[in-house]
Amino acid sequence: MKGSILPFEKDLEKSILAFLKTGLDKECFEAVLIPHKIPSDDNYAYLLIKDKTLLQGASPLPPVIPVQGAKAVSALTRWGPSKKKILAVMHPCEIRATVELSKLRQASLDNLVFLSFDCPGVMPLSGYVKNPGEGDPAYQDARQKWESAKMRPVCQTCSEFGAPASDLHIGLLGAEEGNAFLFPASLEGKRIMDKLGLETSASSDGWEREVEKLKKAREEKRRGAHQSLQTRVEGPDKLLETFSSCINCHNCMRVCPVCYCRQCYFDSDAFKLPPENFLARAQKKGSLRLPADTLLFHLGRMSHMILSCVSCGTCEDACPMGIPVAQVFSLVAENAQRLFNYVPGRSKEEPLPAAVYREEELCEMEKPYLETYARTGERDASASENK
Amino acid sequence: MSRDFTPKIIYFMCGWCGTGGSETASAYHLCYPENVLPFRVNCTGSLSSVHVLRAFIEGADGVIISGCHPGDCHYEDGNFRARRRVATVKSILDSLGLGEERIWFRYIAHGEGKRYVDTAAEFNDYIKKLGPNPLKERNDT
Amino acid sequence: MPQLLKISKSVDEGTKAFLEFLLKEKKVCGVITLRKIHGDQGIGYSLITRPDDLEEALPLFPLMPANGGKILSRLTLRGSPKEPVAAVMKPCEMRAFIELIKRKQGSLDNFVFISQTCPGVYPIEMSSGGDLETLASRYRENIQLGENIPETRSACRTCLHFTPPNADIIVSLIAEKDLDKSCSLFLNSKKGEALADGMAGERREQTLDSPELRLLHNKKKEERKKLFDEMGTEMRGIEGLIRLFGKCIGCHGCSYVCPLCYCDLCFFDSKPNESRPISYQGDLERKGATRIPSGTIFYHLGRLAHMSVSCIGCGMCTDVCPVDIPVSTIFSRVGESVQKIFDYRPGMDVEEVLPFAVYKEEEFQEIGEQ
């Protein structure tokens, strides 16, 4: 792959904004969807910006993800594709989630161009909001070192940080001091770079090497993290211990980009049960945790969305009780997605695993029938035992 | 333990081949353990994963899901979808150590009465060996 | 004058003993109370039917992982239990339940309520990974001082309804000096007396009102005025609202945990509330930039319009907010002004009709006149 060198004198963000301004000027796109600091200076929000002067305060590399970008794109395009061409500046996981949502028909990718960048991770939201003065330098530090215990736990073990599931990608790894790479990752990206007169002659070998190196390190870290997480969630006892402080607020579900249902099944009539049901269950087990069906909510949510989980970690940020939701879901997601060799959001054309099937697959799952299992005598004996 | 323990087993079967299998079995006067509780769904493809999970959490020791053989589904591809869905649920339970082996997925044709009762009996014995589902006694689910 | 039943056990053990008595004597078929979840890891409500399970109960624990009124509403939405059930609820949870009953979201039938003179609860985050034992003893030490307990929810420190008028039994907590040795239960109704009939303990007549309760009421009133005045300034005008709600991420956790927000599908999550591309386009042309997703402040104003008249000030909303917006202070303050307009006291009397369910032909003449 070949790209362009993007020099930035002091401030990478300012150079990216200058690039975006030029893009708007030359009508490569008509509006930019990009995070922007909010008036109280302690959080960020997505703004769809047409007016170049308003781009000044925007932040292409924000230290937090308050609203998952895919949700923002879905809000914009759920009811139909954008009539104007929009460039969306988002983290790789947000772009992947948007691709997943487009497969689920909750977002339209028409007229949408993605600009991604090598992502150092983001910080847990509530800690940042409480003290942005401490958060900002911590984020800058993570951007320098690509390794920080202050980022979201799932970010620390993410190996999809450089994956360009996008049209344009800003490579930060392997670039010389004061430079970044700008790669076209699709035809549309190339078209934009051509229109802007940006040469695509710089080699990406150095970048690719660094990405590969960091990817391996992250994969290694994830293996270790999953091993230790496994001990905290394996078996009913450990799993329920991890979820013992869950208050059933469903924040995790609501901020998840993949959970798009307006009314979640777990909030529907199916769970508005008569008092006899609760009392019967309480009598059977001696007592019944209320609100009921806490574990069922989490396992059920997994069964609904795990194949599209991009391990972004927004759920864990939103949990008021500090439960490692994202880590657990990411662990389960990796195993479930591996079954189908599926990586959510890696390709717009790749269909959702639940929407397709092969005639011959998963044969190991179907329990083989042993004709010799039950001789008549044995079977009837076991039947009469149970009387 | 396996002597005293009568597992509670839910047998999800599709309304076409699954229950057909049970009807064939009854035509041949074949028996299966009475603690295996049949639960008809229209098609295994219409069986929501949440019902399987709910069965586990609320007291089932094991769950069998049976539908038409590949290619025979009345709704064309319901059984294919079910296979993927059950594989996903089993993967989830496996990742969390919640006993994915307590879910069996087996195809039963309309005329396979013996296969139907053998499945029920085999699973019953299997679950008896495994013991009661540790989730069902918990009051913190 | 209500009867007072004094049990010679610590207030926690005494209350547990009373609940055990109710279950064993089959006066109730179940008890809804806080209990330990998984040892000391968490705390949550539980419907307990087996007396042995009461061992893990923490009926008076200073935490509110979910508003009990919401839980009772879930239980009684489709009917009432066939046998009596006892519910150990804090005063605001009872008030929430009463407001929900007015909206046909629950029923009082076959319930008996055990409440307390409530010194307040800690924010829920203080329980995660924390030591429940330490939290409880810190709380007990502070109760005797009869002051606002530090670190409790601001909703609690400014609450003026910490004595539940509608409970059948009220555990006396505020300003009690001997919580380690004695448990005082006020039998506040005929039902309460019938429940306690047969329970071992000293009985005498005593009024619930006391100088300590009145003193604490005044202290809370002062703190409430101070907090509301400060918030009044902070939330003034659109600038104020933007400053406060700007960082809202639209998770709607506040409405989800709010007992009064009972709608299966909130209007603000529904289709009609979603902006079509044309409106985003329009906003973009008009303003040059527009926030995506839109309607952040609209959601809060709308929720105020829908439920502030019944806001009972429990503080669940602030606790669950991932970005620490002081939702409950804002909503309580607005709620207070709205309630004043109709002279309405939410949750006090199930017979008091909701202000929007009635009207008088001659009222608010100033609205609608030139």
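The values are calculated or read from the model by the stated rules, or taken from the named source; none is laboratory data. Quantities reported herein were computed from a predicted structural model and do not represent experimental measurements. Cβ: placed from backbone, ideal geometry, glycine included. Neighbour counts: every protein chain shown.
Here is the figure for the range C:293-313: residues that are part of a helix (DSSP H, G or I) and within 14 Å of another protein chain (Cβ to nearest Cβ) total 4. Candidates A:Phe183, A:Phe161: the one that is in contact with a His (Cβ under 7 Å, 6 or more places away or on another chain) and of a type outside the set (D, E, K, R) is A:Phe183.
Table: residues versus (1) surrounded by 20 or more Cβ atoms within 10 Å (Cβ to Cβ); (2) within 15 Å of the chain's Cα centre (by Cα); (3) of a type outside the set (A, V, I, L, M, F, W, C); (4) within 20 Å of A:Val310 (Cβ to Cβ).
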residue: A:Thr53; (1), (2), (3), (4): no, no, yes, no
residue: A:Ser59; (1), (2), (3), (4): no, no, yes, no
residue: A:Thr77; (1), (2), (3), (4): yes, no, yes, yes
residue: A:Arg96; (1), (2), (3), (4): yes, yes, yes, yes
residue: A:Ser102; (1), (2), (3), (4): yes, yes, yes, yes
residue: A:Gln106; (1), (2), (3), (4): yes, no, yes, yes
residue: A:Pro120; (1), (2), (3), (4): yes, yes, yes, yes
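Looking only at residues in the range C:204-235 that are within 30 Å of C:Glu193 (Cα to Cα) and among the hydroxyl-bearing types (Ser, Thr, Tyr), which one is surrounded by the most Cβ atoms within 10 Å (Cβ to Cβ)? Ranking the qualifying residues of the range C:204-235, first place goes to C:Ser210. Among (1) charged (D, E, K, R); (2) out of contact with any strand residue (DSSP E or B) (no Cβ under 7 Å at 6 or more places or on another chain); (3) within 30 Å of B:Gly131 (Cβ to Cβ), which single condition is B:Asp72 missing? Failed condition: (3).
Taken as a whole, the condition of being over 23 Å from A:Lys130 (Cβ atoms) and touching a Ser or Thr at 6+ places or on another chain (Cβ under 7 Å) applies to A:Leu6. In the set B:Gly62, B:Gly21, B:Gly45, B:Gly78, only one residue is within 12 Å of the chain's Cα centre (by Cα) and of a type outside the set (S, T, N, Q); that residue is B:Gly62.
In the range B:115-137, the residues that are among the small types (Gly, Ala, Ser) reach residues that are at pLDDT below 90 and crowded, with 18+ Cβ neighbours inside 10 Å with C-beta atoms within less than 8 angstrom, at least six apart or across chains, in these pairs: B:Ala121/A:Ala374; B:Ala121/A:Arg379; B:Ala121/A:Ser382; B:Ala121/A:Ala383.
In summary, A:Val258 fulfils each of the numbered conditions (1) facing another protein chain (nearest Cβ under 9 Å); (2) in contact with a helix residue (DSSP H, G or I) (Cβ under 8 Å, 6 or more places away or on another chain); (3) under 26 Å from C:Asp324 (Cα atoms) with the single exception of condition (1). A single entry from B:Arg102, B:Arg106, B:Arg138 fulfils the requirement of being in contact with a Leu (Cβ under 9 Å, 6 or more places away or on another chain) and at the interface with another protein chain (Cβ under 9 Å from one of its Cβ atoms): B:Arg138. Scanning the range A:185-210 for residues that are in a helix (DSSP H, G or I) and closer than 24 Å to A:Asp25 by Cα returns A:Leu187, A:Glu188, A:Gly189, A:Lys190, A:Arg191, A:Ile192, A:Met193, A:Asp194, A:Lys195. Is it the case that the range C:249-265 has a residue that's on the phi > 0 side of the Ramachandran plot, more than 8 Å from chain A (Cβ to nearest Cβ) and not aromatic (Phe, Trp, Tyr)? No, there is no match, as no residue in the range C:249-265 is on the phi > 0 side of the Ramachandran plot, more than 8 Å from chain A (Cβ to nearest Cβ) and not aromatic (Phe, Trp, Tyr). A residue that is of a type outside the set (S, T, N, Q), touching a residue at least 60 places away in the same chain (Cβ under 8 Å) and surrounded by 15 or more Cβ atoms within 10 Å (Cβ to Cβ) cannot be found anywhere in the range A:284-294.
Let's see how each residue does on (1) surrounded by fewer than 24 Cβ atoms within 10 Å (Cβ to Cβ); (2) part of a strand (DSSP E or B); (3) under 20 Å from the mean Cα position of the chain (by Cα):
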site: C:Phe18; (1), (2), (3): no, no, no
site: C:Phe21; (1), (2), (3): yes, no, no
site: C:Ile32; (1), (2), (3): no, yes, yes
site: C:Tyr45; (1), (2), (3): no, yes, yes
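Restricting the range B:65-115 to residues that are among the aromatic types (Phe, Trp, Tyr) and touching a Pro at 6+ places or on another chain (Cβ under 9 Å) leaves a set whose member that is nearest to B:Tyr11 (Cα to Cα) is B:Tyr107.
Just one residue in the set A:Arg232, A:Arg222 is among the charged types (D, E, K, R), closer than 25 Å to C:Ser128 by Cβ and over 20 Å from the mean Cα position of the chain (by Cα); that residue is A:Arg232. Filter the range C:5-38 for residues that are more than 23 Å from C:Leu187 (Cα to Cα) and facing chain A (nearest Cβ under 8 Å) and give the result. Of everything in the range C:5-38, those that are more than 23 Å from C:Leu187 (Cα to Cα) and facing chain A (nearest Cβ under 8 Å) turn out to be C:Arg35, C:Ile37, C:His38. Looking across the range C:170-203 at every residue that is charged (D, E, K, R) and under 24 Å from the mean Cα position of the chain (by Cα), the one that is surrounded by the most Cβ atoms within 10 Å (Cβ to Cβ) is identified as C:Glu176.
Look at the range A:231-247: where a residue is within 8 Å of chain C (Cβ to nearest Cβ) and a partner is assigned to a helix (DSSP H, G or I) and of a type in the set (S, T, N, Q), sitting 6+ places away or on another chain with Cβ atoms under 6 Å, you get A:Cys246/A:Thr294.
Name the single residue, out of those in the range A:61-75 being buried (at least 24 other Cβ atoms within 10 Å of the Cβ), more than 21 Å from A:Gly135 (Cα to Cα) and not charged (D, E, K, R), that is farthest from the other protein chains (Cβ to nearest Cβ). Only one residue fits best here, namely A:Ala70. Residues in the range A:234-245: is at least one of a type in the set (Gly, Ala, Ser), at negative phi, crowded, with 20+ Cβ neighbours inside 10 Å and assigned to a loop (DSSP other than H, G, I, E, B)? The answer is yes, given that some residue of the range A:234-245 is of a type in the set (Gly, Ala, Ser), at negative phi, crowded, with 20+ Cβ neighbours inside 10 Å and assigned to a loop (DSSP other than H, G, I, E, B). Within the set C:Ile367, C:Ile312, C:Ile341, C:Ile292, the sole residue that is of a type in the set (A, V, I, L, M, F, W, C), crowded, with 21+ Cβ neighbours inside 10 Å, over 18 Å from the mean Cα position of the chain (by Cα) and not assigned by TED's automatic domain parsing to the domain that holds C:Gly106 turns out to be C:Ile292. Restricted to the range B:1-106, the set of helices (runs of 4 or more DSSP H) holding at least 3 residues that are touching a residue at least 12 places away in the same chain (Cβ under 8 Å) and touching a Lys or Arg at 6+ places or on another chain (Cβ under 8 Å) comprises B:17-27, B:49-58. Select from the range A:338-353 the residues that are of a type outside the set (Ser, Thr, Tyr) and either surrounded by fewer than 16 Cβ atoms within 10 Å (Cβ to Cβ) or more than 9 Å from chain B (Cβ to nearest Cβ) (or both) and list them in ascending order. The answer is A:Arg338, A:Asn341, A:Val343, A:Pro344, A:Gly345, A:Arg346, A:Lys348, A:Glu349, A:Glu350, A:Pro351, A:Leu352.
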